[in-house]
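Take a look at the structure set out below.
The values are calculated or read from the model by the stated rules, or taken from the named source; none is laboratory data. Here the structure is a predicted model, which is why all the values come from computation and not from measurement. Cβ atoms come from the backbone with ideal geometry, glycine included; neighbour counts cover every protein chain shown. The accessibility values were calculated without ligands, DNA or RNA, using every heavy atom of the protein model including side chains. Shrake-Rupley method; radii C 1.70, N 1.55, O 1.52, S 1.80 Å.
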Amino acid sequence: KSHRAAVSAEAYGDWNKKEDFRPRVIPKSQDQKERIAERLSKAFMFSALDEHEKEIVINAMEERIIGRGQTVIRQGDDGAELFVVDSGTLQCFKVINGQNKYLKDYNPGEAFGELAMLYNAPRAATITASSDCALWSLDRECFNHIVKGSAIRKRERYDQFLSKVKLLESMDPYERSQLSDAFANVVFNDGEYVIREGEEGNEFFIIEEGTAVATKTIHQGHPPEEVLRYSAGDYFGELALIKNEPRAANVIATSRLKCVSLDRHSFKRLLGPVEDILKRNARNYEEIIAKKK
Ligand code: CMP
């Protein structure tokens, strides 16, 4: 055999493995499929999937009806499925230093039980239904083939970076790691506008690499004036999302600029824990402008 043939056989090895995977298909009505798609669109873990992958996941989902008070996941157990909440509410508890601590509620569109599957670890917390619930369950095989790889890569890629962003310092590491699932990458050239004053805004940005400047119209009839400079780890674009107002300033790249962005929905859900810090920091803007007037 020629060397060339050997190389291509190896290159196609991965393909063969994927081809061998026969995802389970659990019959569903069109209505149910649309409902799952709606729920998945809100669950960050699935945001990187393309349409074909989403369809595989939707087909593999199995409905679970859970009565109020029933425990779905028990801390310390082995786990073989991930759940997406369709209807109802559940509560998450974790035993920390012998104390059973309430962590959070789960509502429709949220996913849980991903950690055991991502890291082959025992269940890290207990999750109990606080009302009657309908859940969608995704089996480990489908999760491993379709979701796991890209989710782990994204989390690893951003782990270091996130630990250095000052805004996120106070966040629970578990909640912080979920930001990675929701991040989109955006790159701008030197001089390019990331945000324009007066426009509607739906995204929040954190700088991964590069620099930018914020400018704002302070004296009517005069060009916008510089109000802030940004570098790696700094964030911007939060104000329009917090206040539901048009963009209050321009943000312009002053070098090649690499950012991660969150859409409005992800921002509200994932950065809720630091909303007070965002609001407190926003008061500095007013001081900067007052000095220029
Ligand atoms: P898993 O460990 O598979 O099962 C328990 C789930 O609880 C876990 O995945 C997460 O989905 C969820 N969970 C919520 N908050 C936390 C937390 N702070 N630490 C660990 N797991 C959490």
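Does Glu156 count as within 21 Å of the chain's Cα centre (by Cα), surrounded by 19 or more Cβ atoms within 10 Å (Cβ to Cβ) and outside the structural domain of Thr215 (by TED's automatic domain parsing)?
Spelling it out, it is not the case that Glu156 is within 21 Å of the chain's Cα centre (by Cα), surrounded by 19 or more Cβ atoms within 10 Å (Cβ to Cβ) and outside the structural domain of Thr215 (by TED's automatic domain parsing).
Of the residues in region 30-66, how many are open to solvent by 30 Å² or more (accessible area, probe 1.4 Å), not in a helix (DSSP H, G or I) and not charged (D, E, K, R)?
The total comes to 4.
Mind counting the residues in region 101-116 that are closer than 17 Å to Asp139 by Cα, more than 6 Å from the ligand (Cβ to nearest atom) and not in a strand (DSSP E or B)?
Of the residues in that region, 1 qualify.
Answer yes or no as to whether Ser266 is within 19 Å of Ser177 (Cα to Cα), outside any helix (DSSP H, G or I) and in contact (Cβ under 8 Å) with a residue 12 or more places away in the chain.
Answer is no for this residue.
So, Pro122, is that one within 12 Å of the ligand (Cβ to nearest atom), without any contact (Cβ under 8 Å) to a residue 12 or more places away in the chain and not charged (D, E, K, R) or not?
It is false that Pro122 is within 12 Å of the ligand (Cβ to nearest atom), without any contact (Cβ under 8 Å) to a residue 12 or more places away in the chain and not charged (D, E, K, R).
Among the residues of region 179-200, count how many are buried (at least 19 other Cβ atoms within 10 Å of the Cβ) and not hydrophobic (A, V, I, L, M, F, W, C). Break it down stepwise before answering.
Within region 179-200, the first condition is being buried (at least 19 other Cβ atoms within 10 Å of the Cβ), and the residues that meet it are 179-183, 188, 194-195.
Keeping just the survivors that are not hydrophobic (A, V, I, L, M, F, W, C) gives 180-181.
Number satisfying all stated conditions: 2.
Of all residues in region 139-174, which are within 16 Å of Phe46 (Cβ to Cβ) and hydroxyl-bearing (Ser, Thr, Tyr)?
To start, the set of residues in region 139-174 that are within 16 Å of Phe46 (Cβ to Cβ) comprises 139-140, 142-155.
The one that is within 16 Å of Phe46 (Cβ to Cβ) and hydroxyl-bearing (Ser, Thr, Tyr): Ser150.
Which ones in region 127-144 are surrounded by 20 or more Cβ atoms within 10 Å (Cβ to Cβ), more than 7 Å from the ligand (Cβ to nearest atom) and not aromatic (Phe, Trp, Tyr)?
Of everything in region 127-144, those that are surrounded by 20 or more Cβ atoms within 10 Å (Cβ to Cβ), more than 7 Å from the ligand (Cβ to nearest atom) and not aromatic (Phe, Trp, Tyr) turn out to be Ala129, Cys133, Leu135, Leu138, Cys142.
When Val72 is evaluated against the numbered criteria (1) over 17 Å from the mean Cα position of the chain (by Cα); (2) at positive phi; (3) within 11 Å of the ligand (Cβ to nearest atom), which criterion, by number, is the only one it fails?
The one condition Val72 does not meet is (2).
So, in region 75-89, of the ones that are near the ligand (Cβ under 10 Å from one of its atoms) and at pLDDT 95 or above, which residue ends up farthest from Pro122 (Cα to Cα)?
Ranking the candidates gives Phe83 first.
Output the residues belonging to region 117-126 that are part of a helix (DSSP H, G or I) and crowded, with 20+ Cβ neighbours inside 10 Å. Lay out the reasoning, then the answer.
Our first condition is that a residue be part of a helix (DSSP H, G or I); within region 117-126, this holds for 117-119.
Selection gives Met117 alone.
Go through (1) in contact with a Gly (Cβ under 7 Å, 6 or more places away or on another chain); (2) open to solvent by 80 Å² or more (accessible area, probe 1.4 Å) one by one and return the number of the condition Asp78 breaks.
The one condition Asp78 does not meet is (1).
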